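Comments concern the structure below.
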Amino acid sequence: MRRILIVAALLFTSACVPVEQPAKPRTVVAIEVPLKSRQDHDDLLAMLHRHAAADGQDGIHVDDATKAWVDFLPHTEAIAPEDRGTIFVGVWRGSNDDMQEIGVSDLFHPGRAWLTFARGEPAERSTRLREGLLAEIRVRWPEAKTLPVMEGVIPPPERLEVVDGAYRIIPSRAANYGR
C-alpha cells in the first residue's frame, strides 16, 4: 500500500509538469551493486566522479543527494524503516541537469544499490560512460548482478529472483508485470 501511495504522489506531481517537457530517458541497462560497508559506498561514489570527469563534456556531473534523503526518510511514514535507502546519487548531463545519465539508489532494497543507465544523448558518449563504469564495477564487485529492464523500467524486487548470477523476473509473476 505504501508503494501505491508513493507512486500516486509521483504521478500526481508529474501530472503538473507542462506538456512541452521532453520525454524522460528510458533505462537501457541496470545492475545491482552490494554496498556492505562505508568503503563500498565511497568506492562507488569515487567511480561515478571519475567516469563523469573522464567524459568531460556537456557539464556532466555527479549530484549526491544521499544526506538529504537519509535525513528526510525518518520523517515519512510512507516508507517503512526496513525499506529506507542509504544511497541516492545521480549523474547528470548539462549545466541545468538536462538529462540524467545514471541513477543510483537502494530505496526498498537497502544495501543493494541499483544503478540505472539511461539511453542518453548523444548515444555514443552515454554508451562509453556506461561501458567504462560497468567494467570497473565488475572488477571491484564481481558479485554485482544485472537486473532485467522491461520497457525501460526494472520490476520491483519482490518480482525478481537470482538465476546464474543475474536477476530475472519470477516466471509466475511475469504475466502480471506491468498490469
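None of the figures in this text is laboratory data; all of them are computed from the coordinates on show. Given the structure is predicted, the values throughout are model-derived calculations rather than measurements. Don't worry about glycine lacking a Cβ; one is built from the backbone with ideal geometry, like all the others, and counts go over all protein chains shown.
Placing a label point 7 Å from the Cα of ALA54 along the Cα-to-Cβ direction, no residue of segment 74-114 has a backbone N closer than 12 Å.
Rounded to the nearest 20 debye, the dipole magnitude of segment 23-174 is 320 debye, with +1 charges on Lys and Arg beta carbons, -1 on Asp and Glu beta carbons, and the Cα centre as origin. With the simple model of a label 7 Å out from the Cα in the direction of the Cβ, GLU82 to LYS67 spans 3.1 nm. Let's test the formula: R0 of 35 Å, r as the Cβ-Cβ distance of GLU124 and THR146. What FRET efficiency results, to the nearest 0.05? Using R0 = 35 Å, I get an efficiency of 0.95. The Cα trace of segment 23-174 gives Rg and Dmax of 15.3, 45 Å, the first to one decimal, the second as a whole number.
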